[in-house]
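Notes follow once the structure below has been shown.
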Amino acid sequence: MSNAQPVPMSRVQPRTHIDVAGVVIALLLLVLAGMVWWDMTKLQILSPYDLGPKVMPIVVAIGLTLLALGNGVGALQGNLPARDSLDWKPIILILGGLAALIVLIAIGGGFMIGTAILFATTSAAFGRRAFLTDLLIGAVISVFVYLLFGKLLTLSLPAGPLEHLL
Amino acid sequence: MEAFTSLASGLSVAIQPMNLLFALIGVLLGTAVGVLPGIGPALTVALLLPITFKLDPAGSIIMFAGIYYGGMYGGSTTAILINTPGESASMATALEGNLMAKAGRGGPALATSAIGSFVAGTIATLGLTLLAPYLVEVAVSFGPEDYFALMVVAFVTVSATFGDSPVRGLTSLFIGLLLGLIGIDILSGQSRLSFGVPELYDNVEVTTLAVGLFAVGEALYVASRRHIHEEKLEAVRGSLWMTKEDWKRSWKPWLRGTAFGFPIGALPAGGAEIPTFLSYATEKRLTKHPDEFGKGAIEGVAGPEAANNASAAGTLVPLLTLGLPTSATAAMMLAGFQQYGLNPGPLLFAEQPALVWGLIASLFIANAMLLVLNLPLVGLWVKLLAIPQPWLYAGILVFATMGTIAANPSPVELIMLTIFGVLGFLMRRFDFPIAPVVVGLILGPIAESQLRRALSISLGDPMVLLQSPISATLLGIAVIALIAPFALKNLGRFKAVED
């Protein structure tokens, strides 16, 4: 799949017998199956003959349960594909940028400031060391996108103080 | 030859100046976005979907056709020049293509992939033209139970049959099916898995899911492994044009690649990966220059790239005639249709012939435009590839979030995008395939409505699925397709070809 040449040193996860992450995945699938089943029990059947809206949730819940078992067996045998080591910092930066954007839109700050922040944090996640410059570039791009989407294509984008100036 | 009359009327739609313009814009945008590393055709279509919101259906779908083919061309350029296939279907192209580029033969590699794509795309679109009316006729006789069984076949082939692991593939599919349950059930008016969140009442948007999984997920994944993986852009050196020898070595692989790609794409047999690797293996065996394989053999680019494009056009056969998407990209196309309340299938051919045949005719036009534009513009596309990685991914995320809130201006939509992004990241990390999630989300509700229609006709008796001969046969095929990968563990041997 990947053409990366993994450096042997970077494989911090030795191939233990039981894959803990795999067991967690299996448990999560089981939780999802339970949630679908629980939600299904609250549905009402309108026709006396068939299960109507319950059919598909039942199929999905059973399927997820079986797959939880399948994944669980695989994890216990430890035969998941090998994984490379993980750098958490960029992930936190990107998710932080997305969170900032969501909060700003939720409190009516418009999307431009949030977009500029997202641009700068993502760029930082990929190794750039010029946060303020990138903030500025992000702002310019968001103005451009606002004009393209909002004015040219007449789609509505959440507006805040900055957007009202344009 | 009724098909050609229909095609001619479709051409008269496609050739209207506005529609030609839409096709041109689609082709250019599709190539420009598709060329960006890490962006495959499915994400290209998903990212560009918001742009078509305000167009009329015909114009928008014609633009799609351009975006679709453009994204495919762009993807192969990336595969050849930086060896970062945006999707698994370009992996085979990247093998020899990138080696050719390293050896200073990037120009001919791009040329044979562009011309091969054109040849394959044209033949396959012709196949679509000829095949579609027959399939439509067959499909008309399908009852709801038959449709349901057909979708089960598609579910199995997309998720289990050809992947690395049937269990992981099916897990992806069922996550998609679960997401498809969210929202108000149209038939009974009850909400499922919505937990009182109003935004969840109107279902999960396919575009939000696709953009989250592909764009956000990919950005998170690439960023988290930057310390071990670096991309290198090969400059296009030397002549762009193919020599006489190159032509002689390319034309047969183009045709053979098409012969692999179109049928496998047209059958609901999931993805372009298999035909591209089959084509690669075949060319490697038939070549008169076996010493060049592994050092950049032109046959190894020409064949798989033709197979890839032929298979892409092939997936349009089940999509248009049966409403059955068998790849992530086809699922995005279906989402595009649904955005206008259009449901691909036999009825669409009867009710909107101008639109369907206009689309098919536009595929021919888009393909020709790409051939004319792509080689002269290759310098421009290469410049796009040179965008520094931090800005590239930052730009992708900005565009992805903008497209998402433009389609549905609510912070909840962005929260969903983020959650899907994290899901996409985890799926990449633990090697779960992404496409079955998208197919499950879009096809799940359709399969459910067919199943419930069948069950309400039979007064709740599930045996109706086995009583119809068509449905029983299809379910039998689905069972075989499900068991086959367990029985033939070495089906994945195509992947080993690259070693």
Evaluated over chain A, the Cα radius of gyration and Dmax, each in Å
23.6, 66
Please state the Cα pair-distance histogram of the stretch A:11-77 with 10 angstrom bins from zero: what percent is in each bin?
22, 35, 22, 13, 6, 2
Between the helical axis of B:411-429 and the dominant principal axis of chain B, each derived from Cα atoms, what acute angle in degrees is found, rounded to the nearest 10?
60 degrees
Given the rule -39500 (n - 2.57) for each run of at least 4 DSSP H residues, summed and divided by the residues of chain B, what is its mean residue ellipticity at 222 nm, to the nearest 500 deg cm²/dmol?
-23000 deg cm²/dmol
Using alpha carbons only, how many degrees (0 to 90, rounded to 10) separate the axis of helix B:328-338 from the longest principal axis of chain B?
50 degrees
Is the shape of the stretch B:340-474 best called rounded, prolate or oblate, per the rule: a/c under 1.5 gives rounded, else a/b larger than b/c gives prolate, else oblate, with a ≥ b ≥ c the square roots of the Cα gyration tensor eigenvalues?
oblate
Please identify the DSSP H helices in chain A that span no less than 24 Å along the helix axis (Cα) and have a mean Kyte-Doolittle hydropathy of 0.0 or more.
A:20-41, A:55-77, A:88-106
Once amide hydrogens are built 1.01 Å from N within the peptide plane, the residues lying 5 or more places from B:SER191 or on another chain with amide H under 5 Å from its amide H are B:ASP185
Could you compute the net charge surrounding B:GLY74? Neighbours are other residues with a C-beta less than 15 Å from the C-beta of B:GLY74; K and R count +1, D and E count -1.
-1
Would you mind computing the Rg to Rh ratio of the stretch A:47-133 from its alpha-carbon coordinates, Kirkwood style for Rh?
1.27
What is the fewest-to-most order of B:TYR68, B:TYR134 by other Cβ atoms lying within 10 Å of their Cβ?
B:TYR134, B:TYR68
Net charge near A:ALA75, counting Lys/Arg +1 and Asp/Glu -1 over other residues with Cβ under 12 Å of its Cβ?
0
As computed over the stretch A:88-165, the Cα convex hull volume per residue (Å³)
82 Å³
Helix axis angle, B:353-374 relative to chain B longest principal axis, alpha carbon, degrees
20 degrees
Taking every pair of alpha-carbon atoms in the protein assembly as shown, give the share separated by more than 38 Å as a whole percent.
32 percent
Can you sort A:TRP38, B:TRP251 from fewest to most other Cβ atoms within 10 Å of each residue's own Cβ?
A:TRP38, B:TRP251
Using alpha carbons only: equivalent-ellipsoid semi-axes of the stretch B:5-75, gyration tensor based, whole Å
23, 12, 9
Show me the three semi-axes of the equivalent ellipsoid for chain B, from the C-alpha gyration tensor (sqrt of 5 times each eigenvalue), largest first, rounded to whole Å.
34, 25, 24
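Every read-out reported here was derived from the displayed coordinates using simple, explicitly stated rules and does not represent laboratory data. Just so it is clear, the model here is predicted, and its values are computed rather than measured. With ideal geometry, Cβ positions are generated from the backbone for all residues, glycine too; neighbour counts draw on all protein chains shown.
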